[in-house]
Amino acid sequence: MALDQSFVGRTYPPTAPYEVGREKIREFAEAVGETNPAYTDPEAAKAFGHPDVIAPPTFVFSITFRAAGQVVRDPQLGLDYSRVVHGDQKFAYVRPVRAGDRLTVTSTIEGVKSLAGNDILDIRGEVHDEAGEHVVTAWTKLVARAAEEA
């Protein structure tokens, strides 16, 4: 069953703040093979002009994808998450994510379409810091594969 087009434009409440920790950044950088010292060494980050270590660009996915859970769990939307695959991801940064940031994410459904029986859902996540300043926008494309014919 196709997703309801009337959900395009629906915005969900901001998430509770997520505090970005140095250790989480270090663990993430290590997991993805990032070796830039700005991700692990506060002094190196300061030498690059940052107040503390910064996160690799894809770090914010873990925060925005969790926030998108509000969308995928919305019973009115009717998305069958057991059939979902991650289709695409992109980011537009205002500034890097830094250790000590307390970030909230507001998710909005930007698009709903059907293609060859698959439902495609585009979600935009606006990430703001504790002062309300925009940090990054993340776009996530989810594809709910069509049910197989019996």
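The values are calculated or read from the model by the stated rules, or taken from the named source; none is laboratory data. What you see is a predicted model, and the numbers here were worked out from it, not measured in a lab. Cβ atoms come from the backbone with ideal geometry, glycine included; neighbour counts cover every protein chain shown.
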- Message: Consider segment 1-53. How many of its residues are surrounded by 14 or more Cβ atoms within 10 Å (Cβ to Cβ), under 26 Å from GLY132 (Cα atoms) and among the acidic types (Asp, Glu)?
- Response: 1
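Here's the yes/no breakdown for (1) assigned to a helix (DSSP H, G or I); (2) free of Cβ contacts under 8 Å to residues at least 24 places away in the same chain; (3) polar (S, T, N, Q):
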position	(1), (2), (3)
LEU3	no, no, no
THR15	no, no, yes
GLU27	yes, yes, no
GLY33	no, yes, no
ALA38	yes, yes, no
HIS86	no, no, no
PHE91	no, no, no
SER107	no, no, yes
- Report, by residue number, each residue of segment 129-150 that is modelled with pLDDT of 95 or more, surrounded by fewer than 19 Cβ atoms within 10 Å (Cβ to Cβ) and outside any strand (DSSP E or B). GLU130, ALA131, GLY132, GLU133
- Query: Yes or no: LEU103 outside any loop (DSSP other than H, G, I, E, B), in contact with a His (Cβ under 8 Å, 6 or more places away or on another chain), touching a residue at least 40 places away in the same chain (Cβ under 8 Å) and not β-branched (Val, Ile, Thr)?
  - Reply: yes
- Do we find a residue being surrounded by 12 or more Cβ atoms within 10 Å (Cβ to Cβ) and either assigned to a loop (DSSP other than H, G, I, E, B) or more than 18 Å from the chain's Cα centre (by Cα) (or both) anywhere in segment 61-72? no
- Quick one: which of ARG124, ARG95 is part of a loop (DSSP other than H, G, I, E, B) and among the charged types (D, E, K, R)? ARG95
- Hey, does segment 112-128 have a residue that's farther than 17 Å from ARG22 by Cα, in contact with a Ser or Thr (Cβ under 8 Å, 6 or more places away or on another chain), among the hydroxyl-bearing types (Ser, Thr, Tyr) and surrounded by 13 or more Cβ atoms within 10 Å (Cβ to Cβ)? no
